[in-house]
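Engineer: Below is the structure I would like to discuss, written out as structure tokens.
The values are calculated or read from the model by the stated rules, or taken from the named source; none is laboratory data. As the structure is a computational prediction, the values presented were derived from the model and not from experiment. Neighbour counts are summed over all protein chains in view; Cβ atoms, including those assigned to glycine, are modelled from backbone coordinates with ideal geometry. Heavy atoms of the whole protein, side chains included, go into the accessibility calculation; ligands, DNA and RNA do not. Shrake-Rupley method; radii C 1.70, N 1.55, O 1.52, S 1.80 Å.
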Amino acid sequence: MEQNPNDSLFELQLDHVAGNHFNESSKWAKFLAVVYFSMIGLFVVALAFGATAMIQLFSQFAPGFEGAGGFIIAVIIIVVAVFFLTSFLLYRFATMTKTGIERQDQILFNKGLQALKNYFIVYGVLTLLGIVFTFFSSFSNLIR
Amino acid sequence: MQTNDNTDNFFNLSIDASAKELIKTAASWAKIIAITGFISASLSVLGAIFNKPAAGSENLYATGGGVVGALIIGGLTVSINIFLLRFASHTYGSLNTMNQEEFNEGISNLRVYFKFLGILILIFFSLFILGMLFFILGNTMGQ
């Protein structure tokens, strides 16, 4: 569909104020993403070296845990992958939005916004799952 | 020379139809995250308050500490999510009313949200490193 240049007259603009806010948001989002990546890296290293010891430790408290060890590790890998995806989307938002503003590239800027949208969707689904667990744990505390 | 920063299109970028849809979806999910954050914080605090302690004063102290901890974490969660909710409502509203100032206000709240999270992480890491240092020092002095 061809876009009429006059359409921008009726659009919100990324003015100086909004541009600066987006730039600062990108800066902090990038910092957060880098911290999350580092945490994931450290966790993966700890898991690689200590997985066997961890399973042995748990098996002392819950006999028969050795059999479920593989399942637990699979769950941990899925959680780490989801956490990595969230961090990656945050990093993508940070870099693309900032570069889009610097280069005055509307497509790149929109890609950054798309990453922000996807970040909030993934994070939203995770918080919805989290609240279900919080609800059940609080409920079990209340009836205990 | 007087310039009007609020209206000058300093950047040649705009919130076109595509960007508008993306921001609307992001704002809707941000609202869901903020509301679930408020509910989660309330549930955690309620859970800590009504957590029945077993007999013994040590457990009472532990419960008191748990309530204080839950209140601190809950307070921080609510504070962070207020900015996220403001981002969601201001940005979503501005896209419907085409109000530039409201849009800027919404993006400003997104900025504060990320900044708040970043500063919190910095504080937690500093406390963690400090704790580790004291732990190592204590172990070294004890030997």
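Engineer: So how many residues does the range B:83-104 have that are open to solvent by 70 Å² or more (accessible area, probe 1.4 Å) and more than 9 Å from chain A (Cβ to nearest Cβ)?
Structural biologist: As a first pass, look at the range B:83-104 and keep what is open to solvent by 70 Å² or more (accessible area, probe 1.4 Å): B:86, B:92, B:96-98, B:101.
From the residues that got through so far, the ones that are more than 9 Å from chain A (Cβ to nearest Cβ) too are B:86, B:92, B:96-97.
Residues that pass the stated criteria total 4.
Engineer: Scan the range B:117-132 for residues that are touching a residue at least 12 places away in the same chain (Cβ under 8 Å) and either at the interface with another protein chain (Cβ under 9 Å from one of its Cβ atoms) or of a type in the set (Ser, Thr, Tyr) (or both) and report the count. Let's see the steps before the verdict.
Structural biologist: Of the residues in the range B:117-132, the ones touching a residue at least 12 places away in the same chain (Cβ under 8 Å) are B:117, B:120.
Checking which are either at the interface with another protein chain (Cβ under 9 Å from one of its Cβ atoms) or of a type in the set (Ser, Thr, Tyr) (or both) leaves us with B:117.
Here the count works out to 1.
Engineer: Within the range A:78-87, count every residue that is away from every other protein chain (no Cβ under 13 Å) and buried (at least 17 other Cβ atoms within 10 Å of the Cβ). Don't jump to the end; show me each part of the working.
Structural biologist: Here is the first cut: in the range A:78-87, the ones away from every other protein chain (no Cβ under 13 Å) are A:78-85.
Those still in the list that are buried (at least 17 other Cβ atoms within 10 Å of the Cβ) too: A:83.
Residues in the range A:78-87 being away from every other protein chain (no Cβ under 13 Å) and buried (at least 17 other Cβ atoms within 10 Å of the Cβ): 1 in total.
Engineer: Turning to a different aspect of this structure: Hey, any hits in the range B:37-48 for a residue that's closer than 20 Å to residue B:110 by Cα and of a type outside the set (S, T, N, Q)? Explain how you work it out, then say what you get.
Structural biologist: Applying the first criterion (closer than 20 Å to residue B:110 by Cα) to the range B:37-48 yields B:37-38.
Checking which are of a type outside the set (S, T, N, Q) leaves us with B:37-38.
Yes, the range B:37-48 contains a residue that is closer than 20 Å to residue B:110 by Cα and of a type outside the set (S, T, N, Q).
Engineer: Only one of A:125, A:75 is within 14 Å of chain B (Cβ to nearest Cβ), open to solvent by 50 Å² or more (accessible area, probe 1.4 Å) and under 19 Å from the mean Cα position of the chain (by Cα); which? Before you say what the answer is, go through the steps one by one.
Structural biologist: Working: A:75 fails: within 14 Å of chain B (Cβ to nearest Cβ).
Being within 14 Å of chain B (Cβ to nearest Cβ), open to solvent by 50 Å² or more (accessible area, probe 1.4 Å) and under 19 Å from the mean Cα position of the chain (by Cα) holds for just one of A:125, A:75, which is A:125.
Engineer: Can you go through A:104, A:114 and tell me which one is on the phi > 0 side of the Ramachandran plot and within 13 Å of another protein chain (Cβ to nearest Cβ)? Explain how you work it out, then say what you get.
Structural biologist: On the way: A:114 fails: on the phi > 0 side of the Ramachandran plot.
From the options A:104, A:114, the qualifying one is A:104.
Engineer: Please list, ordered by first then second residue, the pairs with beta carbon atoms under 9 Å, 6 or more apart or interchain, first in the range A:101-114 and assigned to a helix (DSSP H, G or I), second open to solvent by less than 20 Å² (accessible area, probe 1.4 Å) and of a type in the set (Ser, Thr, Tyr).
Structural biologist: Partner pairs satisfying both residue conditions: A:101/A:26; A:106/B:14; A:108/A:97; A:109/A:97; A:111/A:97; A:112/A:26; A:112/A:97; A:113/A:97.
Engineer: Separate question: If you take the residues in the range A:22-60 that are over 19 Å from the mean Cα position of the chain (by Cα) and of a type in the set (Ser, Thr, Tyr), which one is least open to solvent (accessible area, probe 1.4 Å)? So that I can check it myself, show each step before the final result.
Structural biologist: Within the range A:22-60, the first condition is being over 19 Å from the mean Cα position of the chain (by Cα), and the residues that meet it are A:23, A:45-60.
Imposing the further condition that a residue be of a type in the set (Ser, Thr, Tyr) reduces the set to A:52, A:59.
Numbers: A:52: 97, A:59: 21 Å².
Result: A:59.
Engineer: Mind listing just one residue for me: the one in the range B:33-59 that is facing chain A (nearest Cβ under 8 Å) and open to solvent by 60 Å² or more (accessible area, probe 1.4 Å) and, of those, modelled with the lowest pLDDT? Can you show your working first?
Structural biologist: Restricting attention to the range B:33-59, the residues satisfying the condition of being facing chain A (nearest Cβ under 8 Å) are B:33, B:36-37, B:39-40, B:43-44, B:46-47, B:50-52.
If we keep only those that are open to solvent by 60 Å² or more (accessible area, probe 1.4 Å) too, we end up with B:39, B:46, B:50, B:52.
Details: B:39: 92, B:46: 85, B:50: 80, B:52: 58.
Step by step, filter the range B:33-59, then rank; the result is B:52.
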